[in-house]
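The values are calculated or read from the model by the stated rules, or taken from the named source; none is laboratory data. The structure presented is a predicted model; accordingly, all values stated were derived computationally and were not measured. Glycine gets a Cβ as well: all are built from the backbone with ideal geometry, and neighbour counts include every protein chain shown.
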Amino acid sequence: MSDTPFKWTCISCDKDISQDQEYCSECDEKRYRKIGGLLYLPLLNLLLIAYGYFTSLAVTLNAGLSTMGRIQASQSTYLFIAVAVNFILLLYIIYTASLFLRKKKELPLAYSVLIVVGIVIMLIDRGVTSWLFPEIPLNFSQVMPILTHVIYACIWIPYFRMSARAKKTFIR
């Protein structure tokens, strides 16, 4: 046995640290400069949300152009307003993705706003669609996406607000 006391060292660089840590402060900061852990899931979800809004934009634009003059003016106007809203949301998703990839401190708020605005837009869309297009029934397949987005918001908004990983990655 040796008489030298046991020393706690950093996992990465072998600098001396206290026993309740795994990394020294320099290595710990380097570790959080990269997007990692559960943060890949919201990044992937941004791509899926963008795909959803793009698809919705294309379908709504096609419906608006193909039915122009054959449906009421209010219905046609609503379709083109929906196209404009989808386009604006696509631009906001691009902005949010750029904040995400550049690891800016504005991301947690921008991502939370994106999620909440998406839920509000879906609620408004379902209500107005039921009113303007009474032949389209409000059924399970139209309500379920709202519920899944609410559950998603209940998970990721607190994660971005309280998680140590998110704070160290985006709020420096």
Selection from the stretch 50-89 of residues that are of a type in the set (G, A, S), more than 27 Å from the chain's Cα centre (by Cα) and in a helix (DSSP H, G or I): A63, G64, S66, A73, S74, S76
Residue count, the stretch 102-112 (criterion: touching a residue at least 12 places away in the same chain (Cβ under 8 Å), in a helix (DSSP H, G or I) and more than 12 Å from I49 (Cβ to Cβ)): 4
Every pair of residues 6+ apart whose Cβ atoms lie under 7 Å, when the first sits in the stretch 136-163 and is free of Cβ contacts under 8 Å to residues at least 24 places away in the same chain while the second is part of a helix (DSSP H, G or I) and among the aliphatic types (A, V, I, L, M): P145/M122
Given (1) surrounded by fewer than 12 Cβ atoms within 10 Å (Cβ to Cβ); (2) at pLDDT 90 or above, index of the condition S56 fails: (1)
Flag if I124 is surrounded by 13 or more Cβ atoms within 10 Å (Cβ to Cβ), assigned by TED's automatic domain parsing to the domain that holds F160 and aliphatic (A, V, I, L, M): no
Flag if L109 is under 18 Å from L44 (Cβ atoms) and either within 10 Å of the chain's Cα centre (by Cα) or surrounded by fewer than 16 Cβ atoms within 10 Å (Cβ to Cβ) (or both): no
